[in-house]
Amino acid sequence: MNNHGNIQRLIDLRHQLHREPELSGNEEQTANTLLQFLKQQHPDLLVTAVGGHGIIAVYNGEIPGRTVLLRCDMDALPINESTEVKYRSAASGISHKCGHDGHMAIMCGVAAELAENKPVRGTVILLFQPAEETGQGAARVISQLDYKPDLCYALHNLPGFSMGSVITKDGAFAGASRGMIIKFEGKCSHASQPLEGTSPALAVASLITFFSKVSKHSEGIIATLIHASIGEAAFGTSPGKATVMVTLRAPTTKKMSQFSQDVTQQINLICEEEKLQYILSWAEEFPVTANAELPNSIIRQTAEQLGYKTRDAKRTFPWSEDFGHFTERYPGAIFGLGSGVNTALLHSSEYDFPDQLIPIGIAMFKGIIDRSLKL
Ligand SMILES: [Zn+2]
Ligand SMILES: [Zn+2]
């Protein structure tokens, strides 16, 4: 895979995936594009419709051994692309702003490598996972997985770190997050008699004030208000209902559960004071992505052997990764690939995955497979 023709083929594939982005759960065309490529890489097994539009390509060695799973993500984001690249998104309001197009191209490159050099022992599973951004894909895939991986790995491109550097971290790599939906139930009344009803307006105001003060950013404990609505846009009615949505983040499972309790307690207090009922629900839950010792050391050794610059992240990243569902169940680890210090941030409309990371990602995964299967 070191010759330019093969890398160019993967760059072209990345650009095609970039041009045809699809939202979480809708990755149908993406899966078709990947399938066309993967069929030519002659895996021993190719399974489609895994946890939605996911795909698994399996390569078996002659001698039994470990099962190693590599995972990439397939979904794009509801963001209008603002770059002028020639392969810019053809889907209005949707684009690959988390670099998952690059992750898929890397994984296809790994498949091409394995097609040429099948593993001698053990089993390699290449998983193309749908719906990462909504935190639903990994759990769905795992519920349908017929394998129990001994080791699993993933990578994520990371702006803010020098191009091609490998970012590792012991323990928690990415934090937990969960969406909280609070529905206040009061009583609407005629706008001329607001005292006859129970308006949730003050409760919403208190809660928003609370969320603006409760975060401890240096500790990675963050509440971010996402949405708030009160009543209807009708001048004759004092509102009886309101909805507030907030994302909670914490660096460990324990801290997340404490933080959720604290927030819930505050909502209780506010509602008692304002004589309101409320209904609480949760969405898009991401567990902590915790790196296990063995796979993490394999990542480090591989990067050193390949001569890539490595960097240890000092703190758990505040964003979440649904790869945490894998590391919760199997020994696994994720690493970052630096995509440049002065690049746009992930999820910003200007971000574009740098193609020069493709051969680096392939070399890392290939080295990781070799080490993992040799043990
Ligand atoms: Zn993302
Ligand atoms: Zn991502």
* Structure fact -> If we keep only residues of region 329-347 that are surrounded by fewer than 22 Cβ atoms within 10 Å (Cβ to Cβ) and more than 15 Å from the chain's Cα centre (by Cα), then the residue modelled with the lowest pLDDT is Asn342
* How about region 263-375: which helices (runs of 4 or more DSSP H) wholly inside it have at least 1 residues that are outside the structural domain of Lys241 (by TED's automatic domain parsing), of a type in the set (Ser, Thr, Tyr) and out of contact with any helix residue (DSSP H, G or I) (no Cβ under 8 Å at 6 or more places or on another chain)? -> 293-306, 324-329
* Give Thr83, Thr67 a once-over and let me know the one that is farther than 19 Å from Gln129 by Cα, outside any helix (DSSP H, G or I) and in contact with an Asp or Glu (Cβ under 9 Å, 6 or more places away or on another chain). => Thr83
* Structure fact -> Being within 15 Å of ligand 1 (Cβ to nearest atom), touching a Cys at 6+ places or on another chain (Cβ under 6 Å) and of a type outside the set (A, V, I, L, M) narrows His96, His103 down to just His103
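Suppose we filter Arg371, Arg329 for residues that are out of contact with any Cys (no Cβ under 7 Å at 6 or more places or on another chain), within 20 Å of Gln129 (Cα to Cα) and away from ligand 2 (no atom under 16 Å from the Cβ); which single one remains? Give the derivation first.
Values: Arg371 fails: within 20 Å of Gln129 (Cα to Cα).
Being out of contact with any Cys (no Cβ under 7 Å at 6 or more places or on another chain), within 20 Å of Gln129 (Cα to Cα) and away from ligand 2 (no atom under 16 Å from the Cβ) holds for just one of Arg371, Arg329, which is Arg329.
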* Could you say whether any residue in region 124-143 is more than 18 Å from the chain's Cα centre (by Cα) and crowded, with 24+ Cβ neighbours inside 10 Å? -> yes
* To do: Being charged (D, E, K, R) and farther than 17 Å from Met364 by Cα is the filter; apply it to region 117-138 and report the residue that is nearest to ligand 1 (Cβ to nearest atom).
  => Glu133
* Out of (1) touching a residue at least 40 places away in the same chain (Cβ under 8 Å); (2) surrounded by fewer than 20 Cβ atoms within 10 Å (Cβ to Cβ); (3) more than 16 Å from ligand 2 (Cβ to nearest atom); (4) farther than 23 Å from Met364 by Cα, the odd one out for Gln265 is which? -> (1)
* Starting from region 95-113, keep only residues that are at pLDDT 95 or above, then list their pairs with residues that are among the basic types (Lys, Arg) and more than 10 Å from ligand 2 (Cβ to nearest atom) whose Cβ atoms are within a distance under 7 Å, requiring at least 6 positions of separation or different chains. => Asp101/Arg14; Gly102/Arg14; Ala105/Arg14; Val110/Lys366; Glu113/Lys366
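The values are calculated or read from the model by the stated rules, or taken from the named source; none is laboratory data. Since this is a predicted model, take the numbers as computed values, not measurements. Because the Cβ atoms are built from the backbone with ideal geometry, glycine has one as well, and the counts that use them run over all protein chains shown.
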